[in-house]
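K.L.:
Handing you a structure now.
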Amino acid sequence: MMQQKKYIVSARFLVNPETAVIEQGGLLYSSGRIIAVDSLTALKRSFPGVEIAHYDDSAIVPLLVNAHTHLELTEFPLWAEQKGYQVDDPVGFIDWILKLIQVKSKLDQEKYHKAITKGIEQSLMAGTGVVGDILAHHSVRSAYEGVSLGGVVFLETLGQDPAMIRRLKKGLYKALEEPFSSDAVIGLSPHSPYTISNYYLRHVFDLCRRRGLRCCTHIAESEEELKFIKYSRGAIAERFYPAINWHAFVPAAAGMRPVAYLDQQGGLFPENLLVHGVHLNDADIDLLARRRMSLALCPRSNARLKVGRAPAARLRNAGVRLALGTDSLASNDSLSVWDEMSFAATWFAGEIDAPTIFAMATQQGADALGLGEEYGSLSPGKRAGFQIIKCSDIGIGELYEYFCSGIGQNDIMQIYRDGRPHKSGV
Ligand SMILES: [Zn+2]
């Protein structure tokens, strides 16, 4: 059998989450898989004669994980502008939802397809290797075919009207049967406890567990959501439901907080990645930890929509696995996880440190999506996906802070996907 060609890539630093930085480090890979990670000296000794690509004044870093986004909304700013909205228009959560509905109304599939293609491109350029992407328009997942972007594509579903749910269920089962040849896998997302009936919510959770599908649910994002779940009152009942002609389907008050409600519906299982978790009390956090849940934090989106700040330190101390997501360009300025890390460092200052943020954006994020064996760190057996980050005049002790200081496009010297260099990222 012919031996597959081996390659070494080395740099001044090799940086992995939750382990010591290797100075003058490198990795050896073949056929798109990492074989060894060590100092360059040790690699040269063990694998003499292998071609070496060395990067001075740079660090080799894993591709990043954007645990929560909606790439089909990448052109949202453009659509909003076309409908006469200003970027800074709505202030609160409900105003934002109403704007989202208005801007999205009467858009055709082609527009979503174009938007998701751009979103994938922007993600690749920014050094992202894995996404947790929510799709309301299930057919546009074809944009993932033939693209080197791993992750979970969550088909979103929501509804309160039983007749509508019957139709949606049919569509969902059909979508699950359709072939999908991509580096990403299919999952399901029952949108949130305030947009889906308890019956349908339980059904989707059950379906995920029976079929071994990853799941994703928005939870405890706003004060309005708490009020709606507990009392069936507030702006969601009075403004959002009427705006989408759901006024006849306001559910009975659950009399409890969203996390307890989700638990009651069978939604607290580790394969269900929760998103936002801004409004959590100690009992909620304890329950999430006991159920071994992962939570994707979206600090820039939460700040933009003024919903509050997630209790990051309490979550981390309780043992809830934390990941990082950009959410969509309907509530953020960029799809770069580097930008999200930089914002998170300020937003969560004193709560979580730079090495933790780096881990959230790499291994923890990959684990949260169930893909930690393939992605998230530079380790033997994993995919040879990494990026070369320029770091002139940065000391070994300053690397994580530097990575949380706003790494831009110009700092990314090279991106490797499955062992192949792509200067443009794509
Ligand atoms: Zn979202």
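None of the figures in this text is laboratory data; all of them are computed from the coordinates on show. As the structure is a prediction and not an experimental result, all values here were calculated from the model. Ideal geometry is used to build each Cβ from the backbone, glycine not excepted, and the neighbour counts take in all protein chains shown.
K.L.:
So how far, in whole Å, is the C-alpha centre of the stretch 121-160 from the one of the stretch 371-401?
P.N.:
With the stretch 121-160 and the stretch 371-401 each reduced to a Cα centre, they are spaced 23 Å.
K.L.:
Write out the cysteines belonging to the chain for which the nearest other cysteine Cβ is not under 4.7 Å, or none if no such cysteine exists.
P.N.:
216, 298, 391, 404
K.L.:
Using alpha carbons only, how many degrees (0 to 90, rounded to 10) separate the axis of helix 93-104 from the longest principal axis of the chain?
P.N.:
Around 80 degrees separate the two axes.
K.L.:
Hey, if you put +1 on the Cβ of every Lys and Arg and -1 on every Asp and Glu Cβ in the chain, which of 32, 203, 368 ends up farthest toward the positive end of that dipole?
P.N.:
203
K.L.:
Another question, if that's okay. Springs between alpha-carbon atoms under 10 Å, Gaussian network over the chain: tell me which of 27, 274, 322 tops the mean-square fluctuations.
P.N.:
Of 27, 274, 322, the most mobile in the Gaussian network model is 27.
K.L.:
Follow-up. Please list, ordered by chain and number, the residues whose modelled amide H lies under 5 Å from the amide H of residue 33; skip anything fewer than 5 residues away on the same chain.
P.N.:
Result for residue 33 returns 384.
K.L.:
How big is the dipole moment of the stretch 66-368 about its Cα centre under a simple scheme where the beta carbon of each Lys and Arg is +1, that of each Asp and Glu is -1, and everything else is neutral? Debye, nearest 20, please.
P.N.:
Around 940 debye, computed over the stretch 66-368.
K.L.:
Quick one: what are the phi-derived ³J(HN,Hα) couplings along the stretch 302-316, Karplus 6.51/-1.76/1.60 with θ = phi - 60°, whole Hz, x for glycine and proline?
P.N.:
Listing the rounded values in order: 4, 5, 4, 8, 6, 8, x, 10, 5, x, 4, 5, 5, 4, 5 Hz.
K.L.:
If you take the C-alpha gyration tensor of the chain, multiply each eigenvalue by 5 and take the square root, what semi-axes do you get, largest first, in whole Å?
P.N.:
Computed over the chain, the values are 38, 22, 20 Å.
K.L.:
A further question follows. Of 330, 288, 212, whose Cα points farthest to the positive end of the dipole of the chain (charges on the beta-carbon: +1 Lys, Arg; -1 Asp, Glu; origin at the Cα centre)?
P.N.:
212
K.L.:
Take every DSSP beta bridge with both residues inside the chain and express the antiparallel ones as a percent of the total, to the nearest 5.
P.N.:
Counting only bridges with both partners in the chain, antiparallel ones make up about 40 percent.
K.L.:
Per residue of the stretch 387-396, in order, report the coupling 6.51 cos²θ - 1.76 cosθ + 1.60 (Karplus, θ = phi - 60°) as ³J(HN,Hα) in whole Hz, putting x for Gly and Pro.
P.N.:
9, 9, 9, 5, 8, 6, 6, 10, x, 4
K.L.:
Which one, 158, 369, 64, has the greatest fluctuation when you compute a Gaussian network model over the chain with C-alpha springs under 10 angstrom?
P.N.:
Comparing 158, 369, 64 in the GNM, the peak value goes to 158.
K.L.:
Here's something else I'd like to know. Considering only the other residues whose Cβ falls under 13 Å of the Cβ of residue 145, what net charge follows from Lys and Arg at +1 and Asp and Glu at -1?
P.N.:
Overall, the nearby charge balance is -1.
K.L.:
Explain nothing, just compute: Karplus ³J(HN,Hα) = 6.51 cos²θ - 1.76 cosθ + 1.60, θ = phi - 60°, for every residue of the stretch 241-246 in order, whole Hz, x for Gly and Pro.
P.N.:
4, x, 5, 10, 6, 9
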